[in-house]
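The values are calculated or read from the model by the stated rules, or taken from the named source; none is laboratory data. None of these values were measured; they are calculated from a predicted model. Quick reminder, even Gly has a Cβ in these numbers, built from the backbone with ideal geometry, and neighbours come from all protein chains shown.
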């Protein structure tokens, strides 16, 4: 009888700790399969420091999916809408849809949801949702903003510009609502640490066309930016001083399809789509403190999307 082949020696745990963080982040199912190999590998993957080492090694988080709002095409009621997490990877969340909720904003692993009055929920409720764990926390009602004409909201970490965002989803957060009344702008800020809302009032007169709700907000330079009207001005909410001010982009955005961005440098930017080209602009501050806008890049969308001449 031939002797059975000897089992190869087990990899040292310190070597396993160097190998597993190198798994591709866009395919998290591989980590699950690795954790099933043996107890040692499972202990490494489930260890408290593995997530941080994994994020530090890859730096840029992968795109697991994107969020969008769907609604019943046969209904005109907002309470028929639902938020959906559309998958673009092997990741499978516990829940892919949140019925009766509408996605307002998302940042650093958190999703800000809003619900109009519906059964089982408070009137006009806000909630923070983690699609990875399916944890959802409903926020206290802020009654004052209900009297405002137009409003927009954002969620962000409670830390300053030096905050370590690698594990931000487990730390404190803020929700900022910027709203317009007939005579002024108001800001309502929710702090998860205090568990309550505070209000700041600005004497800045609101424009006649209000906030541009179709343009997502952006966080840059320790400030939160919203588009006003059709892009003629930008509303800046300073996260440190909690003051509201307006800035002129000095670039014609009126009537353009554009989006506010946070550039790799940390400065504010925006993208304009025109004739299947994407124009990227970045805000820069000179040595004397004067700010200006620079067109940093032009992307041909037809080449990226492989659009044929008869497809549009």
- Task: Could you please let me know if residue 246 is in contact with a strand residue (DSSP E or B) (Cβ under 7 Å, 6 or more places away or on another chain), crowded, with 16+ Cβ neighbours inside 10 Å and at pLDDT below 85?
- Result: yes
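Could you check the range 76-93 and list, in sequence order, the residues that are modelled with pLDDT under 70 and surrounded by 13 or more Cβ atoms within 10 Å (Cβ to Cβ)? Break it down into steps so the answer makes sense when it comes.
Here is the first cut: in the range 76-93, the residues modelled with pLDDT under 70 are 76-80.
If the condition is that a residue be modelled with pLDDT under 70 and surrounded by 13 or more Cβ atoms within 10 Å (Cβ to Cβ), then 78, 79, 80 are the ones that fit.
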- Task: Sort out which residues of the range 96-111 are surrounded by 19 or more Cβ atoms within 10 Å (Cβ to Cβ), part of a loop (DSSP other than H, G, I, E, B) and on the phi < 0 side of the Ramachandran plot, and write them in order of number.
- Result: 101
- Considering the range 18-39 alone, what residues qualify as being in a helix (DSSP H, G or I) and either surrounded by 15 or more Cβ atoms within 10 Å (Cβ to Cβ) or touching a strand residue (DSSP E or B) at 6+ places or on another chain (Cβ under 6 Å) (or both)? 20, 21, 31, 34, 35
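Table: residues versus (1) more than 19 Å from residue 114 (Cα to Cα); (2) at pLDDT 80 or above; (3) surrounded by fewer than 19 Cβ atoms within 10 Å (Cβ to Cβ).
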residue: 138; (1), (2), (3): no, yes, yes
residue: 143; (1), (2), (3): no, no, yes
residue: 150; (1), (2), (3): no, no, yes
residue: 177; (1), (2), (3): no, yes, no
residue: 188; (1), (2), (3): no, yes, no
residue: 191; (1), (2), (3): no, yes, yes
residue: 196; (1), (2), (3): no, yes, yes
- Output for Cβ contacts, cut-off 7 Å, separation at least six or different chains, first residue farther than 15 Å from residue 247 by Cα in the range 280-298, second outside any strand (DSSP E or B), reads 281/251
